[in-house]
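Notes to accompany the following structure.
The values are calculated or read from the model by the stated rules, or taken from the named source; none is laboratory data. The shown structure was predicted, so the numbers you read here are calculated from the model rather than taken from an experiment. Here the Cβ positions follow ideal geometry from the backbone for every residue, glycine too, while neighbour counts run over all protein chains shown. Just so you know, the surface numbers come from the protein's heavy atoms only, side chains and all, with ligands and any DNA or RNA stripped out. Shrake-Rupley method; radii C 1.70, N 1.55, O 1.52, S 1.80 Å.
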Amino acid sequence: MTKAVIVDVVRIASGKGKPGGALSGTHPVELMAHVLRSITSRNGLDPALVDDVIGGCVGQAGEQALNITRSAVLSAGFPESVPATTIDRQCGSSQQAAHFAAQGVIAGAYDIVIAAGVESMSRVPMGTTTMGKDASGPGIAARYPEGLVNQGISAELITAKWKFDREALDAFAAQSHQRAAEAAAKGLFDKEILPISVTNAAGETVSHTVDETVRASTTAEGLAGLKPSFYSEKYAQRFPEAQWSITPGNSSPLTDGASAALIMSEEMASKLGLTPRARFHSFSVAGDDPIFMLTAPIPATHKVLARAGLSIDDIDTYEVNEAFAPVPLAWAHEFGADPAKLNPWGGAIALGHALGSSGTRLLTTMVNHLEATGGRYGLQTMCEGAGMANATIIERI
């Protein structure tokens, strides 16, 4: 069977996803174009050889509308013959892009494909795409008569079900910042971060190379003073079990970013004289209760481990997206996972969660961590809106 390999992975350092953030002055098309242009040029790859570019983006409106991946391909200077498509599996969009890319290679449909992702939450704020309309329709309203809830409420429900207290959430969040800051100080992100020229608030052109969302001074004691983000009398009556522990400090921040993975068949990499860094081992995707919404990484992980014929102890590093602190904590509890292997260089609470880009961002960091530590297997999983998750196992080569 044809093997799908990862030749390279890259990302832009995170920017705060609000006006004034480091990347807020850059059009999202240009963010994705930058990672596409860079990943081909630094590998000496003629873009004309790319069979397809599959991009993830959640807020497909405004400047991110009309198949932003195709716009980025053209902006990057790729030949007009290179096609592209944009997909939305919510927060896992670019992880799903990587799945489709690798699966296309394994099936023989592609020789070379780029999976990428982008999100400019500063320029296309969350909620833009619905335009204030009901995006669910009457069938969902009938199935869930009390109504679906936002992800913050789901995070509160997970916190209550797994009996996490506020102190545990804040301690995990502080650790995320500490791990990310330590990794940055050691230069561990240098191999994956692409410098990008941006215009700062003073109108100066500068090179952005450091994750803007990481706060090295964060402590659990400091986070303890933050107020809950999602409390309302309506939801307090509906969910009396909620303790209202989710705050801006133990949640991922609004983020701008872009990332990409160069994926091809093992035979094509050899033909081009390129050295693969990892191969795709196993894939899964799962659905779960859309009220709890963020728990699907658990069944997705069960599925991918079963398909791989591996146990959790065989995995050397886990990248479990930190949309909210209780998500990776619940996942780790269910699998008895080693906390030292869980997001070892920090997660989205520190490094940011640029929705459509996060899947390939996690993949980028996981590949680099396996190389830095000599690990063999990495597992990545991502909670997604409406109760879904992808899971991926890669093997370092």
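Some points to look at:
- With only the Cα atoms considered, the stretch 219-269 has a convex hull volume of 199 Å³ per residue.
- SER81 accessible area, assembled protein chains, probe 1.4 Å, Å²: 90
- What you get for the chain, charging only the Cβ of Lys and Arg (+1) and of Asp and Glu (-1), is a dipole of about 120 debye around the Cα centre.
- This model, with +1 at the C-beta of Lys and Arg and -1 at the C-beta of Asp and Glu, gives the stretch 245-360 a dipole about its Cα centre of some 280 debye.
- Cβ-Cβ FRET estimate between GLU182 and GLU371, R0 fixed at 22 Å, reported to 0.05: 0.80
- Calculated diffusion of the stretch 286-397, Stokes-Einstein form, Kirkwood radius summed over Cα pairs, 25 °C and 0.890 mPa s, µm²/s: 178
- Computed Kirkwood radius, in angstrom, where 1/r is averaged over Cα pairs of the stretch 78-225: 20.3
- Taking SER311, SER284, SER122 as the candidate residues, the one with maximal mean-square fluctuation in a Gaussian network model of the chain, Cα springs under 10 Å, is SER311.
- Accessible-area ranking of ARG179, ARG70, largest first, probe 1.4 Å: ARG70, ARG179
- Calculated on the Cα set of the chain, radius of gyration then Dmax: 19.9, 63 Å.
- P(r) histogram, all alpha-carbon pairs of the stretch 278-351 included - 5 Å bins from 0, percent: 3, 15, 25, 28, 20, 9, 1, 0
- Membrane-span-like helices of the chain, defined as complete DSSP H segments with a Cα extent of 24 Å or more along the helix axis and a mean Kyte hydropathy of at least -0.5, are identified as 166-185.
- Spacing of the two label points (7 Å from each Cα toward its C-beta) at MET131 and SER197, in nm: 3.7
- Nearest-0.05 FRET efficiency for ALA61 and THR2, computed from C-beta distance (R0 41 Å): 0.65
- Centre separation in Å (Cα based) which lies between the stretch 144-180 and the stretch 31-104: 32
- Zero-based 10 Å bins, Cα pair distances in the stretch 113-191, whole percents: 12, 21, 32, 27, 7, 1
- If the convex hull is drawn through the Cα atoms of the stretch 95-140, its volume per residue in Å³: 125
- Radius of gyration and Dmax over the Cα atoms of the stretch 153-234, both given in Å: 17.4, 49
- Gain upon complete extension [ARG238, ARG279; 0.36 nm per residue less C-alpha separation]: 10.1 nm
- Those residues of the stretch 270-293 whose amide nitrogen sits under 20 Å from the label point placed on SER311, 7 Å along Cα→Cβ: 282
- Two-site label geometry, VAL206 and GLU221: point separation in nm, points 7 Å out along Cα→Cβ: 3.0
- Put simply, the amide H of ALA258, placed in the peptide plane, has neighbours under 5 Å in ILE12, leaving out anything fewer than 5 places away on its chain.
- Applying Stokes-Einstein at 20 °C and 1.002 mPa s to the Kirkwood radius of the stretch 1-113, computed over alpha-carbon pairs, gives a translational diffusion coefficient of 145 µm² s⁻¹.
- Of all accessible heavy-atom area on the stretch 137-278, the percent that carbon and sulfur account for (1.4 Å): 54
- Whole-number D in µm²/s for the stretch 198-352 (Stokes-Einstein; Kirkwood sum over Cα pairs; 20 °C, 1.002 mPa s): 112
- Each part reduced to its alpha carbon centroid, the stretch 344-380 and the stretch 195-222 end up 19 Å apart.
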